[in-house]
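The values are calculated or read from the model by the stated rules, or taken from the named source; none is laboratory data. Since we're looking at a predicted model, the values are computed, not measured. Neighbour counts are summed over all protein chains in view; Cβ atoms, including those assigned to glycine, are modelled from backbone coordinates with ideal geometry. In case anyone asks, the SASA skips ligands and DNA or RNA and just uses the protein heavy atoms, side chains included. Shrake-Rupley method; radii C 1.70, N 1.55, O 1.52, S 1.80 Å.
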Amino acid sequence: MRDFSAGHELLSINTATVRKQWPLDTIIEECARREIRAISPWRDQVAKVGIERIARQLRETGIVLSGYCRGGFFPAADAAGLSAALDDNRRAIDEAALLGAPCLVLVVGSLPGALTGVPAYRDISRARTEVRDGIAASLEYARQIGMPLAIEPLHPMQAADRACVNTLEQALDLCDELDAERSGALGVAVDLYHVWWDPKLAAQIVRAGAQRLLAYHVSDWLLPTRDLLNDRGMMGDGVIELKKCRGWVEAAGFAGYSEVEIFSETWWGKPGAEVLDTCIARHRSVV
Ligand code: ZN
């Protein structure tokens, strides 16, 4: 297993972690100041500053991407909605390519409209079919551009509104169906917050192998968890066996960054500098 204790060359910051403290250009500056070498930004953060400016800033600082967030949300109430989702995913793929991302992370979506509390339908198997078809269509374009797509399974507590792909096994079944030749164009983002509880996790990581393991996200599962979305813990403050899980992905051949992704009202309420410094310390001590 790689030794994280002596440095943080393999740390990446998912920029949602400090999105309430700083705009993206400041986040990049603050990461550069701390010799953090990788980030994973969100589309809305990029758009606010301007993609050309962010691309230039990345070149100047030498900071690379460990992923780009996000594509997905394929299901829709009607044909026009399905088509609009594909258009949006093509734009996301283009942006990821412009920024030099190693993959576009997919939060695949589920019951359309559920995020606003009013789903257009309740048939989750229909949503899963629309997700499969949406990934298949996007994959054709992604292959032309050379941008791998990483399906991120989300914890089942988000099955209605954010993702109807909820286990690593389910994500890998999709990969096998749509990319049987294991071309590298389709894989998974393993976010421990979403999959740590899964009794099949270790076996599915082996099944994924290096070709399918495109991204690795860490945070921690707090006791008690007070919010389904925005109460993730800092690494070391919860119950996820971080080092054991990292051992599994590295044994399977994963050699990429360990990306900190913390959606947390608690951590959004602290100074950004304290958050980044804590991420570095915990990366070295407990990740
Ligand atoms: Zn994630």
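Return a yes/no flag: does the stretch 210-222 have any residue that is more than 15 Å from the ligand (Cβ to nearest atom), in contact with a helix residue (DSSP H, G or I) (Cβ under 7 Å, 6 or more places away or on another chain) and open to solvent by less than 10 Å² (accessible area, probe 1.4 Å). Steps first, answer last, please.
Restricting attention to the stretch 210-222, the residues satisfying the condition of being more than 15 Å from the ligand (Cβ to nearest atom) are 210-212, 222.
Still in the list and also in contact with a helix residue (DSSP H, G or I) (Cβ under 7 Å, 6 or more places away or on another chain): 212.
This time we only want the ones that are open to solvent by less than 10 Å² (accessible area, probe 1.4 Å), so: 212.
Yes, the stretch 210-222 has at least one match.
Scanning the stretch 177-209 for residues that are surrounded by fewer than 21 Cβ atoms within 10 Å (Cβ to Cβ), within 16 Å of the ligand (Cβ to nearest atom), in a loop (DSSP other than H, G, I, E, B) and among the hydrophobic types (A, V, I, L, M, F, W, C) yields a single hit, 197.
Checking residue 167 against (1) within 16 Å of the ligand (Cβ to nearest atom); (2) touching a residue at least 60 places away in the same chain (Cβ under 8 Å), which single condition isn't satisfied? Looking at each condition in turn, residue 167 falls short on (2). Within the stretch 51-77, residues that are closer than 25 Å to residue 113 by Cβ and among the charged types (D, E, K, R) reach partners that are surrounded by 15 or more Cβ atoms within 10 Å (Cβ to Cβ) and modelled with pLDDT of 95 or more with beta carbons closer than 9 Å, at six or more positions or on different chains, in the pairs 70/42; 70/43; 70/92; 70/104; 70/105; 70/106; 70/107; 70/152.
Within the stretch 130-149, the set of residues being small (Gly, Ala, Ser) and outside any loop (DSSP other than H, G, I, E, B) comprises 134, 136, 137, 138, 142.
Residue pairs whose Cβ atoms lie under 6 Å apart, separated by 6 or more positions or on different chains, with the first residue in the stretch 244-259 and on the phi < 0 side of the Ramachandran plot and the second assigned to a loop (DSSP other than H, G, I, E, B), are 247/1; 250/1; 257/10; 257/66; 258/10; 258/287; 259/66.
The listed residues are 13, 54, 93, 39, and the only one of them that is surrounded by 17 or more Cβ atoms within 10 Å (Cβ to Cβ) and over 18 Å from the mean Cα position of the chain (by Cα) turns out to be 54. Scanning the stretch 8-39 for residues that are assigned to a loop (DSSP other than H, G, I, E, B) and within 16 Å of the ligand (Cβ to nearest atom) yields a total of 1.
The requirement of being closer than 23 Å to residue 9 by Cα, within 19 Å of the chain's Cα centre (by Cα) and of a type in the set (Gly, Ala, Ser) is not satisfied by residue 285. Applying the set (1) among the small types (Gly, Ala, Ser); (2) within 26 Å of residue 259 (Cβ to Cβ); (3) surrounded by fewer than 22 Cβ atoms within 10 Å (Cβ to Cβ) to residue 138 leaves exactly one unmet item: (3). Applying the set (1) assigned to a loop (DSSP other than H, G, I, E, B); (2) of a type in the set (S, T, N, Q); (3) crowded, with 18+ Cβ neighbours inside 10 Å to residue 5 leaves exactly one unmet item: (3). Restricting 261, 250 to those that are within 20 Å of residue 107 (Cβ to Cβ) and touching a Lys or Arg at 6+ places or on another chain (Cβ under 9 Å) reduces the list to 261.
Applying the criterion of being out of contact with any Pro (no Cβ under 8 Å at 6 or more places or on another chain) and within 17 Å of residue 146 (Cα to Cα) to the residues of the stretch 65-85, the residue that is surrounded by the fewest Cβ atoms within 10 Å (Cβ to Cβ) is 70.
With respect to the conditions (1) open to solvent by less than 20 Å² (accessible area, probe 1.4 Å); (2) assigned to a loop (DSSP other than H, G, I, E, B), residue 127 lacks only one, and its number is (2).
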